[in-house]
Amino acid sequence: MSEAAGITPVSRLPPRSRVPVPPFVGTTLVPIVLALVAGGLVLAAIGTDPLAYYAYVLERGLLRLRGLQATLVHMIPLLILGAALIVSFRSGLWNLGIDGQYMLGMLTAGALAPHLVQAMPLAPALGLSALAGGVAGTLWALPPAWLRARHGTNEVISGLMMSLIATSLVAALVKLWLRDPASLEPQTLTLAVGDRLPMIPGTDVNVGLVLALLVVLGVHAMMTRTAAGLRFRVLGLNPAAARHAGFGGPVLAMSVLCLSGFLGGLAGSVELIGALGKMQASWNPAYGFAVVPLVFLSRFNGLALILLAFAFSVLEIGGASAATRLDVPQDFTLVLVGFVLIFLALAEYLAQRRAET
Amino acid sequence: MKPAVPIVALDQVTKRFPGVVANDRISLAFQAGEVHALLGENGAGKSTLISMLAGIQRPDEGAILIDGQAVALSSPGHALRLGIGTVYQHRMLVPTLTVAENLLLGTPWWQRPRRAAVAERFRRDARAFGIDVPPEARVDGLSLGEQQQVEIIRALWRGGRVLVLDEPTSMLSPQGVEELGAMMRRMAAQGVSIIFITHHLTEALAFGDRVSVLRGGRCAGGIGTAEFGALPRPALMERVVGMMFGTAVANTNALAAPSLALPRAGDATMLEVSDLSGQAFRDIRFDVRAGEIFGIAGVDGNGQTPLVQALAGQIPSRGRVMLGGQDLQGRSIRQRHGMGLRYVTDDRGGEGTVATLPVSLNLLLKDLGRAPFWKQGFAERRAIQAHASARMREFDVRAPSTETPIGKLSGGNIQKALLARELAGSPRLIIYNKPTHGLDLRNIEATRARIRETAQAGLATVLVSTDLSEVLALSHRVGVMLRGRMVGIVGNGPDARDRVGRLMAGLPESAAEDAAGEAAA
């Protein structure tokens, strides 16, 4: 748990009005540039022209309209999952069962939405499906949350275990009971394109993006401006102080992990009713492991998370195109993220050393 | 016959830390075949002395003599090579390994561990010292006392001539203490010099061949082997109590004000505690009136902190606690706070404050979410900041701004901020836990003035302190804690220092009772 201590949470930074610009350049921009250079060296070593690769990624992920739209759609689950992790990490709790919550949320929406849209108007049907996914995520987060709050069991381990169970459970449920009889692939009933979340006018991006942005901004406002958010932060910064002040009981830790689980489930249901329309038994994107580094890079700041999720999506979408065209493995984006993390941590370390001397 | 040259001797040893003289010209001699008990309260300089003997720190002045030769102990390894083994208060064995494996840990990596030989040697020594611990036993299956016995043997193997035991009885059961005592006697009989550090007078007298008393960093006196044999026990105790707590040594605490200046206590009982028991305290009974300061004295670690944490609702307890006629048991920390109970913790950085949050929010941690600082759950920044500036002005908290992280302030300013927080609202009972611990003189004075002032204003006050002079300077009555029990309550007066001191040391309140008890026995 202490590994997070090296990365300064936002609350440790001075108030925004007094942030001087140069430190931002030193601790954020320089490391990113260095990471791109290091990634370029790796590319050169495997025989690809780094400039060509980066240009291709930028063009396919950002500059072309179709690419940009794919990037924005790709961001949606990352944003909501990032918000879920910010709630948890800033409170000093590590909800790494996020993938399981996402899967269960998606499955619940996949099981409900095709039936609900038959029974009621579209808006309440989709709204209920999204919420049901959140509730499923909450329930899936409950056992680790309870174990943590009541017995101090490490929520990292139990969360990861719950994700493992979720993967198999989802596959079993889809194959055994929720299977679309008309499909060869084991998958849930498909939500007709017209029954999914509407597009933002003039684009191919569904309104899930707006929802995701609102979730991130809402979480950010909650953590920085409300009493509940302050309780969460105190729990994260100094649990003994929370207990001493009389609010650090098990209920607080449970609320954190359940809220995080709710958002995890919501990410799944929104992706189903927005982009996918159905859940396949084999579907397991493991977004959690992509989002965790992004959340650390953002230093648990919602606004920074939006920028980072966007940049990461550009890399992923552009990288996917580049993978086929330039023969660079798709996972190379993870290499870049890894470099960014290493250089940011180094910059942080150097800045702290300089502050001390 | 006494050997002419002590194995280890301290000659006018002085050690300073910023702002304190931890050891001030201490001279002591430790002989082979003797148990030399070192007595002293917390902060008397015992730990510093040990770390110099163990080679962790070096004296600023004076010398450590080994076999009469001045030696500069440069490292723990050096001290061990010269024969000085140390057993610290906290256990340092690997719990998942066996006793024998733990003892093998120092073996160089290229050598094959000689399990059988080590186990055999341990068995032999265990027999010799009267210990019943098999070398094959896993450490986590042993009691604390047994683990300590293993550590003592290890220290003896490594050092061999001098054994330093740092408060070895602090975690033992009474039976464990007896066993340890017997073990020390047998080791001394084999020629080992044992330095036995304790703050329990009875143990020092029961197991020691001679006793030296540290107080305020100085050697306050001692009792040699000759006197041990000559004087009856009550007389010995009388003398040691005098050295530890009495006025025999010039009072180093210039701040101790006469107790005459105390405000008159009111009549209404505010706090009533009866038969309160918890994990570290038993059958506590006392009451505090409005306007009264009730001191709780005792050597650190005798249950004072758990007791006041239980009063604040932070840890569970059984028994009755009434605040102004209302039952507190079963109420949460927040409810107790709402009823006017305030707890000023001694752990300012640990639980008292959140170092990285601004002063303004730290001042409101216990009112988090309440109007007018939060409305519909949203923070009202202006109200929070205005509140902070007002409180900081009133309590003289010096900080660059209300938004400075509180961890950047000095200890004295953090304490003032804590007082500002706890005295807000309408308190009826305030509990101070070691309120001046770690502060500089000016802040000590300011804090004490604040404690008197609030009591004068009618608050019932509980003051826990390990500084006897502080308790006596501020309290109307003093309850003494020893091993989790309140062994006596003494009204403040001219003879209070002696009476409280005797209770703290585990003796009856007055010498007369002691003599009577001795005669009866």
As an exercise: evaluate residue B:109 against (1) touching a residue at least 12 places away in the same chain (Cβ under 8 Å); (2) aromatic (Phe, Trp, Tyr); (3) more than 26 Å from residue B:50 (Cα to Cα) and give the number of the one condition it does not meet.
(1)
Open to solvent by 50 Å² or more (accessible area, probe 1.4 Å) and either more than 14 Å from chain B (Cβ to nearest Cβ) or among the hydrophobic types (A, V, I, L, M, F, W, C) (or both), is that true of residue A:148?
yes
For the range A:287-308, the count of residues that are at pLDDT below 90 and part of a loop (DSSP other than H, G, I, E, B) equals 2
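Could you list all residues from the range B:317-348 that are assigned to a loop (DSSP other than H, G, I, E, B) and either within 13 Å of chain A (Cβ to nearest Cβ) or in contact with a Pro (Cβ under 8 Å, 6 or more places away or on another chain) (or both)? If you could, list the steps in order and put the result at the bottom.
Step one: filter the range B:317-348 for residues assigned to a loop (DSSP other than H, G, I, E, B), giving B:317, B:324-325, B:328-332, B:339-340, B:345-347.
Listed by number, the residues that qualify are B:331, B:332, B:339, B:340, B:345, B:346, B:347.
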Here is a check on your reading of the model: is residue B:14 touching a residue at least 12 places away in the same chain (Cβ under 8 Å), hydroxyl-bearing (Ser, Thr, Tyr), outside the structural domain of residue B:442 (by TED's automatic domain parsing) and open to solvent by 20 Å² or more (accessible area, probe 1.4 Å)?
no
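Please go through the range A:200-253 and give me each residue that is assigned to a loop (DSSP other than H, G, I, E, B), away from chain B (no Cβ under 11 Å) and either of a type in the set (A, V, I, L, M, F, W, C) or closer than 30 Å to residue B:335 by Cβ (or both), ordered by number. If you could, list the steps in order and put the result at the bottom.
In the first step, residues of the range A:200-253 are kept if they are assigned to a loop (DSSP other than H, G, I, E, B); the result is A:200-205, A:207, A:238, A:245-249.
Okay, now just the ones that are also away from chain B (no Cβ under 11 Å), so A:200-205, A:207.
Scanning the range A:200-253 gives A:200, A:205, A:207.
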Total residues in the range A:326-340, condition modelled with pLDDT under 85, open to solvent by 50 Å² or more (accessible area, probe 1.4 Å) and part of a helix (DSSP H, G or I)
1
Please pick out the residue among B:106, B:159 that is touching a Leu at 6+ places or on another chain (Cβ under 9 Å) and at pLDDT below 85.
B:159
Residue, nearest to residue B:401 (Cα to Cα), within the range B:362-371, restricted to residues that are facing chain A (nearest Cβ under 7 Å) and over 32 Å from the mean Cα position of the chain (by Cα)
B:368
Can you find, within the range B:417-447, the residue that is nearest to residue B:355 (Cα to Cα) among those that are over 25 Å from the mean Cα position of the chain (by Cα) and open to solvent by 50 Å² or more (accessible area, probe 1.4 Å)?
B:425
Residue B:196 is checked against (1) crowded, with 18+ Cβ neighbours inside 10 Å; (2) more than 27 Å from the chain's Cα centre (by Cα) and fails just one. What number does that condition carry?
(2)
What number of residues in the range B:355-401 are assigned to a loop (DSSP other than H, G, I, E, B) and within 15 Å of residue B:423 (Cα to Cα)?
5
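Regarding the range B:86-106, can at least one residue be identified that is in contact (Cβ under 8 Å) with a residue 60 or more places away in the chain and surrounded by 20 or more Cβ atoms within 10 Å (Cβ to Cβ)? So that I can check it myself, show each step before the final result.
We begin by selecting, within the range B:86-106, every residue in contact (Cβ under 8 Å) with a residue 60 or more places away in the chain; these are B:86-89, B:91.
Now drop any that are not surrounded by 20 or more Cβ atoms within 10 Å (Cβ to Cβ), which leaves B:86-87.
Scanning the range B:86-106 turns up at least one residue that is in contact (Cβ under 8 Å) with a residue 60 or more places away in the chain and surrounded by 20 or more Cβ atoms within 10 Å (Cβ to Cβ).
Restricting attention to the range B:369-383, does a residue exist that is open to solvent by 20 Å² or more (accessible area, probe 1.4 Å), touching a residue at least 12 places away in the same chain (Cβ under 8 Å) and not aromatic (Phe, Trp, Tyr)?
Just the residues of the range B:369-383 that are open to solvent by 20 Å² or more (accessible area, probe 1.4 Å), to begin with: B:369-373, B:375-383.
From the residues that got through so far, the ones that are touching a residue at least 12 places away in the same chain (Cβ under 8 Å) too are B:373.
With not aromatic (Phe, Trp, Tyr) added as a condition, the list becomes none.
Checked the range B:369-383: no residue is open to solvent by 20 Å² or more (accessible area, probe 1.4 Å), touching a residue at least 12 places away in the same chain (Cβ under 8 Å) and not aromatic (Phe, Trp, Tyr).
The values are calculated or read from the model by the stated rules, or taken from the named source; none is laboratory data. Since we're looking at a predicted model, the values are computed, not measured. Note that each Cβ is placed from the backbone with ideal geometry, even for glycine, and that neighbours are counted across all protein chains shown. Just the protein is used for accessible areas: all its heavy atoms, side chains included, with ligands, DNA and RNA removed. Shrake-Rupley method; radii C 1.70, N 1.55, O 1.52, S 1.80 Å.
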